[in-house]
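The values are calculated or read from the model by the stated rules, or taken from the named source; none is laboratory data. Everything numeric in this text was worked out from a predicted model, so none of it was measured. Backbone-built Cβ (ideal geometry, glycine too); neighbour counts: all protein chains shown. Only protein heavy atoms, including side chains, enter the accessible area calculation; ligands, DNA and RNA are left aside. Shrake-Rupley method; radii C 1.70, N 1.55, O 1.52, S 1.80 Å.
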Amino acid sequence: MMSRSYTNLLDLAAGNFAALGPSGGGRRRSGSFGMKRMPRVMTVPGPLSDLDDDDDDEQAATSSVASDVPSSAVGERIIVVANQLPVVARRRPDGRGWVFSWDEDSLLLRLRDGVPDEMEVFFVGSLRADVPPAEQDEVSQTLIDGFRCAPVFLSPELNERFYHHFCKGYLWPLFHYMLPFAAQLSPTTEAAPSSDGGRFDRSAWEAYVLANKHFYEKVVEVINPEDDYIWVHDYHLMALPTFLRRRFNRLRIGFFLHSPFPSSEIYRTLPVREEVLRTLLNCDLIGFHTFDYARHFLSCCSRMLGLEYQSKRGYIGLEYFGRTVGIKIMPMGIHMGQLQSVLRLPEQEQKVAELRQRFEGKTVFLGVDDTDIFKGINLKLLAFETMLRMHPKWQGRAVLVQIANPPRGKGKELETIQAEIRVTCERINRDFGRTGYSPVVFIDRNVPSVERLAYYTIAECVVVTAVRDGMNLTPYEYIVCRQGIPGSESAPEVSGPKKSMLVVSEFIGCSPSLSGAIRVNPWNIETTAEALNEAISVSEQEKQLRHGKHYRYVSTHDVAYWSRSFVQDLERACKDHFRKPCWGIGLGFGFRVVALDPHFSKLNLDTIVMSYERAKSRAILLDYDGTLVPQASINKEPSAEIVSIINTLCSDSNNIVFIVSGRSRDSLGSMFASCPKLGLAAEHGYFLRWTRDEEWQTITRTPDFGWMQMAEPVMNLYTEATDGSYIETKETALVWHHQDADPGFGSSQAKEMLDHLESVLANEPVAVKSGQFIVEVKPQGVSKGLVAEKILTLMKEKGQQADFVLCIDPDPIIELEDDLATSVSSIDISDEPPKFGNRRDEGS
């Protein structure tokens with residue numbers, strides 16, 4: 001049975017939630033969002049070209065959907081989908097119509113510089129303006145024609161629930177490591193939603209899914225699925241990949257997260273944690289700023305979905321139902337050209353000269369931060385205050401200029417922090433200030449680019465003390481400004497060497513890239529204070545060396561480099577899209593595409609039935625755990641219904657039915673004592689019995705089992721060290737289970753044990769293998785493939801050569817000899833990521 005959290009997408013598509021009002025502010029509908037019902041069943045097996053849905057004509061036609069919006073001349077295009085378009089919308093002065101312009105400060109706009117010249121860039125996102133429904137069609141057409149942008153219009157109420165309540169009020173704090181201890185304000189209250197973090201609100205989650213569906217619908221309007229790439233940005237649109245993948249199974253989708261990704265201990269508190277992971281895994285490439293963020297994501301996939309990643313030739317990939325989902329680690333850069341163009345402006349040089357005169361004789365520290373609960377502004381002020389106390393020589397000489405951009409959210413904690421900042425500034429200026437000298441210059445307003453870059457230019461050191469930040473490009477901008485423009489009067493030293501110093505928090509995304517910066521733990525006030533003193537006390541030569549190292553990195557790893565690298569990896573990740581057949585299966589956020597080997601052929605139910613009825617001699621080989629009983633079931637006894645079905649199959653004289661299992665012969669014998677004609681192959685086929693009344697036989701020569709005395713002490717060592725693990729002792733094998741241990745530690749111990757046992761048993765006639773949550777040691781030459789060969793050979797010797805063979809097993813397709821491979825078909829019925837073999841059902 002599926003929990004409600006797994007069916008949200010389906011319920012939402014069917015309109016089973018409280019009304020929020022349709023997009024654009026139309027009239028409400030009782031008990032519905034006013035959306036068309038989406039098909040509920042997505043379990044059609046087969047190649048993509050065969051995917052049809054008899055219950056929905058629209059689904060049957062999805063592979064032929066094409067955009068009415070003309071694409072580039074050569075066909076390839078990348079559609080960049082973000083919460084907001086890189087466009088500024090303003091009302092005309094007379095109130096008639098709109099004026100649009102590019103947002104020159106948007107880095108999404110600048111990613112075009114890294115896209116190949118022959119590839120068109122098209123944007124999908126919302127506008128930062130409230131466009132009346134009557135004007136939306138005209139605005140859409142204007143933006144498509146003039147800007148290659150398709151706007152998404154959300155009703156004010158939906159946008160409030162989607163953006164302010166779920167994105168900013170819940171996801172943003174959680175992804176910045178803030179647990180939701182308190183409830184959010186009710187959306188019906190007049191107060192703005194808090195950005196301090198609140199408990200999970202299912203109605204806000206439903207609004208999030210609905211908003212993502214509106215973005216999906218806009219993408220569908222403009223997409224050419226055969227030629228286009230989709231690049232989705234940030235946590236606002238994490239549900240979008242599943243909507244797209246359900247509609248276009250072969251669509252090439254990339255996703256980049258611009259915020260941190262929390263550790264598994266934080267992320268696991270998200271009630272829809274598995275849904276979010278699964279929808280991200282419907283992408284082909286997932287990008288993160290740092291390895292830490294990627295490592296946390298991979299850890300979550302391992303602990304919550306049982307997926308392990310592999311690194312191959314420098315690329316990290318997750319195997320997910322036959323598809324390889326690439327993991328990209330690439331910090332974002334700045335746009336050099338845009339910064340340099342501002343530095344060349346005449347008013348820029350005037351502002352620099354003005355600031356130099358104002359702070360003449362002073363050493364300027366600079367902080368540029370958004371006002372929110374994670375930027376650590378007050379920690380910076382406290383560190384600066386401590387430095388002045390610990391190093392009195394800087395009193396009267398050092399100045400901290402703190403630019404605090406106005407907050408984009410509200411909340412009690414934010415208000416408390418703002419009050420603390422004001423109190424700290426006043427105290428520092430009161431204790432250390434004097435006539436003509438204020439140690440702290442606090443600027444809490446929107447600062448124009450010209451003024452901000454002028455402050456960068458005259459600052460001796462930039463200080464970033466955020467306690468958690470996704471990337472933070474302030475240090476990059478500072479380095480470029482300190483380098484200056486050759487021939488410009490605003491350069492720090494017109495003809496001399498350039499220098500700069502950085503004190504940065506170790507908890508921000510750009511920190512690993514700035515190897516010459518002084519990294520600090522902002523919570524340690526005294527250590528940060530010493531770092532501030534060190535930054536302005538080091539020699540001029542060291543400042544120049546650190547600056548040169550940083551500038552070489554920043555100038556070569558700009559936003560164009562970042563986007564070019566991502567697009568190239570996305571192309572590489574999608575190169576096999578049109579080569580593999582696949583299935584689209586699953587409901588809601590459990591939907592996924594199962595990619596198969598190109599040589600794999602699916603079994604057709606009608607063909608099986610027809611072949612079964614026509615056959616004169618049939619062999620039916622069934623696994624037990626995961627086939628006849630669920631893998632996770634506590635009660636492993638077969639149900640009465642299963643026993644009845646098996647006896648019915650066995651009652652047909654043309655059938656030879658076997659249970660082929662890793663279980664012991666005593667276990668299988670007792671569970672199927674009421675099936676007299678059932679054949680049993682225990683311990684992966686080492687023991688074989690054709691009927692209940694016959695004696696057990698072995699299919700290989702009985703070896704010496706003295707190796708068990710060597711293997712068991714090794715296994716005991718790991719069992720004692722791994723809580724939740726245990727050893728299963730069989731007659732011919734030893735199995736170490738760790739499914740109840742910590743996922744990460746259990747997996748690590750299993751790999752270590754595998755190497756240890758292979759070393760200890762190198763000269764013994766045994767095979768050491770790892771499986772799903774197990775490490776097994778068993779005699780060589782024992783496998784399900786061998787027992788299948790034995791059964792089929794004996795049937796042939798008895799004059800009952802099988803003309804119908806059916807194997808059902810949740811594990812990888814059983815290994816058969818080449819001469820038997822064409823006569824055996826295998827059905828994989830597991831719900832785990834399948835590993836399909838290169839077998840055909842030609843002889844079924």
Flag if residue 104 is open to solvent by 30 Å² or more (accessible area, probe 1.4 Å) and either farther than 28 Å from residue 508 by Cβ or touching a Phe, Trp or Tyr at 6+ places or on another chain (Cβ under 9 Å) (or both): no
Per-region count, region 417-437, residues exposed (fewer than 14 other Cβ atoms within 10 Å of the Cβ), closer than 18 Å to residue 359 by Cα and of a type in the set (Gly, Ala, Ser): 1
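To keep it simple, each residue is scored yes or no on (1) in contact with a Lys or Arg (Cβ under 8 Å, 6 or more places away or on another chain); (2) more than 26 Å from residue 306 (Cβ to Cβ).
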{"position": "648", "(1), (2)": "no, yes"}
{"position": "655", "(1), (2)": "yes, yes"}
{"position": "675", "(1), (2)": "yes, yes"}
{"position": "698", "(1), (2)": "no, yes"}
{"position": "705", "(1), (2)": "no, yes"}
{"position": "710", "(1), (2)": "no, yes"}
{"position": "714", "(1), (2)": "no, no"}
{"position": "718", "(1), (2)": "no, no"}
{"position": "740", "(1), (2)": "no, no"}
Residues satisfying the stated conditions in region 152-175, i.e. open to solvent by less than 10 Å² (accessible area, probe 1.4 Å) and not hydroxyl-bearing (Ser, Thr, Tyr): 152, 158, 162, 165, 166, 167, 169, 171, 173, 174, 175
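Among the strands (runs of 3 or more DSSP E) lying completely within region 374-468, list those that include at least 3 residues that are under 17 Å from residue 520 (Cβ atoms) and under 35 Å from the mean Cα position of the chain (by Cα).
461-464
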Any hit, region 92-99, residues being touching a residue at least 24 places away in the same chain (Cβ under 8 Å), of a type in the set (Phe, Trp, Tyr) and either in a helix (DSSP H, G or I) or open to solvent by less than 30 Å² (accessible area, probe 1.4 Å) (or both): no
Count of region 223-248 residues which are in a loop (DSSP other than H, G, I, E, B) and under 18 Å from the mean Cα position of the chain (by Cα): 3
Tally of residues being open to solvent by 20 Å² or more (accessible area, probe 1.4 Å) and within 26 Å of residue 267 (Cα to Cα) across region 217-235: 1
Answer residue from region 769-801, given it is among the hydrophobic types (A, V, I, L, M, F, W, C), open to solvent by less than 30 Å² (accessible area, probe 1.4 Å) and not in a helix (DSSP H, G or I) and is nearest to residue 604 (Cα to Cα) among those: 782
Residue in region 113-132 that is assigned to a helix (DSSP H, G or I) and touching a residue at least 12 places away in the same chain (Cβ under 8 Å) present: yes
Residues of region 394-408 classified as within 19 Å of residue 368 (Cβ to Cβ) and either without any contact (Cβ under 8 Å) to a residue 24 or more places away in the chain or open to solvent by 20 Å² or more (accessible area, probe 1.4 Å) (or both), total: 4
Flag for residue 515 being crowded, with 21+ Cβ neighbours inside 10 Å and out of contact with any strand residue (DSSP E or B) (no Cβ under 7 Å at 6 or more places or on another chain): no
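From the set of residues in region 724-768 that are among the β-branched types (Val, Ile, Thr) and open to solvent by 50 Å² or more (accessible area, probe 1.4 Å), which is nearest to residue 661 (Cα to Cα)?
Checking each candidate, the answer is 729.
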Sole exception among (1) free of Cβ contacts under 8 Å to residues at least 60 places away in the same chain; (2) closer than 24 Å to residue 304 by Cβ for residue 772, by number: (1)
Residues that are open to solvent by 80 Å² or more (accessible area, probe 1.4 Å) and basic (Lys, Arg), drawn from region 438-453: 445
For residue 450: the one exception among (1) of a type in the set (A, V, I, L, M); (2) free of Cβ contacts under 8 Å to residues at least 60 places away in the same chain; (3) over 23 Å from residue 508 (Cα atoms): (2)
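Can you tell which of 326, 333, 287 is part of a loop (DSSP other than H, G, I, E, B), under 26 Å from residue 557 (Cα atoms) and touching a residue at least 40 places away in the same chain (Cβ under 8 Å)?
The match here is 333.
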From the options 622, 605, residue that is free of Cβ contacts under 8 Å to residues at least 12 places away in the same chain and under 43 Å from the mean Cα position of the chain (by Cα): 605
Filter result for residue 700 (assigned to a loop (DSSP other than H, G, I, E, B) and touching a residue at least 40 places away in the same chain (Cβ under 8 Å)): yes
Candidate set: region 249-263, residues that are open to solvent by less than 10 Å² (accessible area, probe 1.4 Å) and part of a strand (DSSP E or B); chosen: the one farthest from residue 172 (Cα to Cα): 253
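Being in contact with a Phe, Trp or Tyr (Cβ under 8 Å, 6 or more places away or on another chain) and under 27 Å from residue 530 (Cβ atoms), is that true of even one residue in region 405-419?
no
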Residue check, residue 268 open to solvent by 40 Å² or more (accessible area, probe 1.4 Å) and more than 11 Å from the chain's Cα centre (by Cα): yes
Helices (runs of 4 or more DSSP H) lying entirely in region 523-583 (those with 1 or more residues that are crowded, with 16+ Cβ neighbours inside 10 Å, among the acidic types (Asp, Glu) and in contact with a helix residue (DSSP H, G or I) (Cβ under 8 Å, 6 or more places away or on another chain)): 525-537
Which numbered condition residue 650 misses (of (1) open to solvent by 40 Å² or more (accessible area, probe 1.4 Å); (2) farther than 27 Å from residue 251 by Cβ): (1)
Those residues of region 113-151 which are β-branched (Val, Ile, Thr), closer than 20 Å to residue 217 by Cβ and either under 24 Å from the mean Cα position of the chain (by Cα) or open to solvent by 30 Å² or more (accessible area, probe 1.4 Å) (or both), in sequence order: 124, 142
Odd one out for residue 110 among (1) outside any strand (DSSP E or B); (2) exposed (fewer than 14 other Cβ atoms within 10 Å of the Cβ); (3) not small (Gly, Ala, Ser): (2)
Hits in region 331-358 (condition: crowded, with 19+ Cβ neighbours inside 10 Å and among the acidic types (Asp, Glu)): 349
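Could you please give the count of residues in region 625-657 that are among the polar types (S, T, N, Q) and without any contact (Cβ under 8 Å) to a residue 24 or more places away in the chain?
Matching residues across region 625-657 total 6.
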